[in-house]
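Values in this text are rule-based calculations from the coordinates and carry no lab data. The structure presented is a predicted model; accordingly, all values stated were derived computationally and were not measured. Cβ sites come from the backbone with ideal geometry, for glycine too, and all protein chains shown count toward neighbours.
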Amino acid sequence: MDRRTFCASMGTWLGTGALFSAPDGLRAIAALAPQVPGRFQLRRIPDVAGGRLTLTARPTLADVGLGMVDAFTLNGSLPSPTIRLREGQSARIDLINELPEPTILHWHGLAVPEAADGHPRLAIPPAATYRYEFAVDQRPGTYWYHPHTHMLTAAQTYRGMGGFLIVESDEEAPLDLPSGQHEIPLLLQDKRLSSTPSLEYPRMGMGRDMMLGYLGNTAFANGVANPTLAVERTRYRLRLLNGSTARIFDLALSNGEPLVLIGTDGGLLEAPTPLERITLAPAERVDVLADFSTSAPGERILLRSVPFEIPGMMMGMDGMGMGRGMRGRMGRGGGVAPVLPQGAAIDLLEVVVMDTEAATAPPLPSRLTTIPPVDVSAGARRRSFRFDSMMMRHTINGRSFALDRVDERVPLGETEVWTFSNASGLPHPVHVHGGQFQVLSRTGGRARRMPWETGLKDTVLVLPGESVDVAVRFVFPGLFLMHCHNLEHEDGAMMSNFEVVD
């Protein structure tokens, strides 16, 4: 049974309640979507704006299209609300923990003081509250937030916690980029579902899931399985976030049209770049433009992850070989889920073009912004970090994470060059807390800086045999983290503390 048939057998059309909220014209999808069994309308994530917010973490019964599931949510929303902040704004956010376990949130990609960064040692117990206070001193861009609870990060993220944090400013106004209903944040994930849908997450032990990461069999976008989105015949801005625990996506449109890359982790690029494919590892973000003005009414276009292989993948655990007979754990209610291996094709979102008048978008500017060049002096300090996975251990420089051990001390305000080397046979998306960095070069493997690595970044994918040089500079003193953002690797102790000292 293929994935589409498998998913179609697990549910029926649920109607329009609590699904994609949009003007009446977009509700035309209600008439179209039932023609594709097993597909469900994309959910528009609720926005919250303003610098004074409360987020309550709680167990919630949530609709994923295929049925109701027990989830962990923030303010009852799956996924978590999209927080919109203004550059220069002061933020005060209270986290209330109504979960049956500790939790803490990390503001991924933001440069914030140590007390606001969400280090796992700051996790709060059930019934407690934690207050974050920080200035939004960021370029406008697509950031996000998610749990960072020691050894529970993967489980809490998988079960539903995590959402967009979008920083806005007047800088983008003259560019006339799509906005309002034509700007769509898309949180892309994979989940492992059995015959009864569930977001239960198994306790990680020794074995394949611990090494590869918890790979699924079903595409999710904005908390909905196998989603469908109705679009008008015009240009859209898609803010794409890979919120999976381990899955890497190689994104493309099924009609062969390019995705026009305009931004990455740390905001806009200097110029728009049309690309046929964009690789997006866990925690990475890209902003792209997709133009449907020349598409025919009723045309169905897939945003998909196309098949790919990872050279040098660990023998017996390669993305395209080992996984073909792979079976998942028993899900609640019975049924054993077949798992899609890393690199398998996945249809992430079906776009249905509505019968509306085509609207020609304004010409794209040739220049979007200016990214200050990195200033790396000849005497800049260099540090090397070796990421390795073997014998069921994930380590950095041969060490497993210790909550209170400081592995590096880094001077405040000085630019350094850090080298991330992958000595293992598994991919590692490396994330550095404390702000953004710039990718300088890559040796081995792909042996070049990718188009989506030319702007500011906070996460970079390092494939087996690759070494990546990045320029880092930190503006806040305190204890911060560097780790692999394959969350099973992170929970398996592939993390390191560094202290920024004044």
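With point charges of +1 on the Cβ of Lys and Arg and -1 on the Cβ of Asp and Glu, referenced to the Cα centre of the chain, which listed residue (P147, V376, V470) lies farthest in the positive direction of the dipole?
The listed residue farthest towards the positive side: P147.
Sort S77, S90 so that the residue with the fewest other Cβ atoms within 10 Å of its own Cβ comes first and the one with the most comes last.
S90, S77
Given +1 on the Cβ of Lys and Arg, -1 on the Cβ of Asp and Glu, and no further charges, what dipole in debye does region 47-168 carry about its Cα centre, rounded to the nearest 20?
80 debye
Classify the chain: rounded, prolate or oblate, from the alpha-carbon gyration tensor (a ≥ b ≥ c, eigenvalue square roots; a/c under 1.5 rounded; otherwise prolate if a/b is larger than b/c)?
rounded
Can you tell me the order of 118-128, 466-476, 368-378, 213-223 when each peptide is scored by its average per-residue count of other Cβ atoms within 10 angstrom, highest first? Spell out each step's value before the answer.
On the way: 118-128: 16.1, 466-476: 20.1, 368-378: 12.0, 213-223: 24.6.
Result, highest mean first: 213-223, 466-476, 118-128, 368-378.
Rounded to the nearest 500, what is the 222 nm mean residue ellipticity of the chain from helices alone, with -39500 (n - 2.57) per DSSP H run of 4+ residues and division by all residues?
Computed ellipticity for the chain at 222 nm equals -1000 deg cm²/dmol.
Among R44, R383, which comes first, then next, by fewest other beta-carbon atoms within 10 Å?
Neighbour counts put them in this order, fewest first: R383, R44.
What does the charge dipole of region 434-502 about its Cα centre add up to, to the nearest 20 debye, if the Cβ of each Lys and Arg holds +1 and the Cβ of each Asp and Glu holds -1? Numbers along the way, then the final one.
Numbers: 6 positive and 9 negative charges, 93 e Å.
The dipole of region 434-502 has a size of about 440 debye.
Sorted by packing (mean other beta-carbon atoms within 10 Å per residue), highest first, where do 137-150, 437-450, 267-280 land?
Output ranking for 137-150, 437-450, 267-280: 137-150, 267-280, 437-450.
At a 10 Å Cβ-Cβ cut-off, how would you order Y132, Y158, fewest neighbours first? Working shown, then result.
On the way: Y132 22, Y158 27.
Fewest to most other Cβ atoms nearby, the residues stand as Y132, Y158.
Roughly what % of DSSP beta bridges within the chain run antiparallel, to the nearest 5?
Here the share of antiparallel DSSP bridges comes out near 70 percent.
Compute, for region 382-501, the length of the dipole vector about the Cα centre, with Cβ point charges of +1 (Lys, Arg) and -1 (Asp, Glu) only. Units Debye, rounded to 20. Working shown, then result.
On the way: 13 positive and 14 negative charges, 80 e Å.
Roughly 380 debye for region 382-501.
Can you find, among L340, A71, L303, the residue farthest towards the positive end of the dipole of the chain? Put +1 on the C-beta of Lys and Arg, -1 on that of Asp and Glu.
L340
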